[in-house]
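Contents: one structure, followed by commentary.
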C-alpha cells in the first residue's frame with residue numbers, strides 16, 4: 001500500500017493532533033456489484049429481501065425498499081449488502097442531481113447500478129461513508145455520461161481517489177460527532193414531515209371536509225373561480241448570458 005504521512009495535523013475543534021496517512025481509496029475498500037433477478041420469474045420477486053435501486057437511495061441510511069425479492073431471486077441475479085456496508089450509485093440520471101451514498105442499516109439486495117463498499121483495512125466503513133459524503137463536489141465533477149445520456153462513474157478513477165485518515169482514536173471521535181449531527185438531521189426531518197402531515201390534515205378538515213361545521217360549508221362562505229380572486233402569474237424567462245464569463 002502506498003502511503004503518504006502528514007504529521008502534526010489538527011482536526012478542527014477536537015483538540016487532537018494526529019499523524020494522518022493518505023492512500024488511494026481502492027487500497028482500503030472493495031467494490032462489489034449487484035444485479036437484477038429476471039422479471040420473468042415471478043418466484044424471484046415479492047419476497048422478504050429489500051432490493052435497492054437508484055429510486056430507493058433517497059436517504060443517507062437505508063434498510064427497506066418498495067421492491068422486494070425472494071431468496072431464490074437473491075441466488076439468481078442479485079447480491080446482499082451486509083449491515084454496516086455502504087451503497088454507492090455509480091450509474092443513472094440521478095447522478096446529475098446529487099451523489100446517492102447510503103449506509104446499510106440492515107442487509108439489503110441491490111442492483112447493477114449500485115456498488116457495495118466494504119473496508120478491507122483497519123479503516124471503519126463509517127469513516128469511509130462520511131469521507132465520501134464530504135467529497136460530494138469532487139464526485140459530482142467527475143460524473144461521466146453513458147451512450148444513452150445517463151450519468152456514470154469510471155470505477156478506476158473512483159478507486160484512485162486519495163483518502164486521508166488519522167489513527168483510530170481520532171477516527172472514532174470524527175465518527176461520533178458525524179453520527180450525532182446525522183441523527184439530529186434525521187430527527188429534525190421526521191419532525192418537519194410530521195408537522196407537514198398535520199398541516200395537510202387540518203387544511204383538508206377545514207376546506208374540503210368542513211369538519212368544524214358538521215361537514216357542510218357554512219352559509220356565509222362563498223364559492224368562486226380561482227382566477228377571479230388571483231392576479232395572473234406569468235412564468236419568468238432567463239436572460240441570455242455567457243456561461244463562460246466570470
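The values are calculated or read from the model by the stated rules, or taken from the named source; none is laboratory data. These numbers were taken from a predicted model, which means no experiment stands behind them. Here Cβ is always computed from backbone atoms with ideal geometry, including for glycine, and neighbour counts include all displayed protein chains.
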#### Entry: Condition check for residue 107: in contact with a strand residue (DSSP E or B) (Cβ under 7 Å, 6 or more places away or on another chain), surrounded by fewer than 22 Cβ atoms within 10 Å (Cβ to Cβ) and at negative phi
yes
### Query
Since residue 58 meets every condition but one in (1) surrounded by fewer than 14 Cβ atoms within 10 Å (Cβ to Cβ); (2) touching a helix residue (DSSP H, G or I) at 6+ places or on another chain (Cβ under 9 Å); (3) closer than 25 Å to residue 95 by Cα, which condition does it not meet?
(2)
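Right, residue 205: surrounded by 12 or more Cβ atoms within 10 Å (Cβ to Cβ), touching a helix residue (DSSP H, G or I) at 6+ places or on another chain (Cβ under 7 Å) and assigned to a helix (DSSP H, G or I) or not?
Details: surrounded by 12 or more Cβ atoms within 10 Å (Cβ to Cβ): yes; touching a helix residue (DSSP H, G or I) at 6+ places or on another chain (Cβ under 7 Å): yes; assigned to a helix (DSSP H, G or I): yes.
Taking the combined requirement at face value, the residue satisfies it.
Take the stretch 23-47 and flag every residue that is within 26 Å of residue 70 (Cα to Cα), outside any loop (DSSP other than H, G, I, E, B) and touching a helix residue (DSSP H, G or I) at 6+ places or on another chain (Cβ under 8 Å). Break it down into steps so the answer makes sense when it comes.
Taking the stretch 23-47 and keeping what is within 26 Å of residue 70 (Cα to Cα), we get 30-47.
Checking the rest, the ones that are also outside any loop (DSSP other than H, G, I, E, B) come to 30-33, 42-47.
Within the stretch 23-47, 31, 43, 44, 45, 47 meet the criteria.
Residue by residue through the stretch 92-103, note down the ones that are in contact with a helix residue (DSSP H, G or I) (Cβ under 9 Å, 6 or more places away or on another chain) and at negative phi.
Our first condition is that a residue be in contact with a helix residue (DSSP H, G or I) (Cβ under 9 Å, 6 or more places away or on another chain); within the stretch 92-103, this holds for 92-96, 98-103.
Once the filter is applied, which keeps residues that are in contact with a helix residue (DSSP H, G or I) (Cβ under 9 Å, 6 or more places away or on another chain) and at negative phi, the stretch 92-103 yields 93, 94, 95, 96, 99, 100, 101, 102, 103.
Quick one: in the stretch 10-23, of everything that is closer than 23 Å to residue 101 by Cβ and crowded, with 16+ Cβ neighbours inside 10 Å, which residue is modelled with the lowest pLDDT? Steps first, please.
Filtering the stretch 10-23 down to residues closer than 23 Å to residue 101 by Cβ leaves 11-12, 20-23.
Right, trim to crowded, with 16+ Cβ neighbours inside 10 Å and you get 11, 20-21, 23.
Details: 11: 47, 20: 93, 21: 95, 23: 96.
Among those that are closer than 23 Å to residue 101 by Cβ and crowded, with 16+ Cβ neighbours inside 10 Å, it is 11.
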#### Entry: Residues satisfying the stated conditions in the stretch 92-104, i.e. more than 18 Å from residue 138 (Cβ to Cβ) and surrounded by 17 or more Cβ atoms within 10 Å (Cβ to Cβ)
92, 102, 103, 104
### Query
Can you pull out the residues in the stretch 110-145 that are over 21 Å from residue 27 (Cα atoms) and either surrounded by 17 or more Cβ atoms within 10 Å (Cβ to Cβ) or touching a helix residue (DSSP H, G or I) at 6+ places or on another chain (Cβ under 7 Å) (or both)?
110, 111, 113, 143
### Task
Taking only the stretch 160-202 into account, find how many residues are closer than 30 Å to residue 145 by Cβ and assigned to a helix (DSSP H, G or I).
0
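Considering every residue within the stretch 189-208, establish whether at least one is in contact with a strand residue (DSSP E or B) (Cβ under 9 Å, 6 or more places away or on another chain), within 30 Å of residue 31 (Cβ to Cβ) and modelled with pLDDT under 95.
First, the residues of the stretch 189-208 that are in contact with a strand residue (DSSP E or B) (Cβ under 9 Å, 6 or more places away or on another chain): none.
No - not one qualifying residue is present in the stretch 189-208.
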### Message
What pairs come out if I take residues in the stretch 64-91 that are at positive phi and pair them with residues that are outside any loop (DSSP other than H, G, I, E, B) whose C-beta lies under 6 Å away, six or more apart or interchain?
### Response
84/125
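Residues to consider are 211, 173; find the one that is surrounded by 10 or more Cβ atoms within 10 Å (Cβ to Cβ) and in contact with a helix residue (DSSP H, G or I) (Cβ under 6 Å, 6 or more places away or on another chain). Let's see the steps before the verdict.
On the way: 173 fails: in contact with a helix residue (DSSP H, G or I) (Cβ under 6 Å, 6 or more places away or on another chain).
Being surrounded by 10 or more Cβ atoms within 10 Å (Cβ to Cβ) and in contact with a helix residue (DSSP H, G or I) (Cβ under 6 Å, 6 or more places away or on another chain) holds for just one of 211, 173, which is 211.
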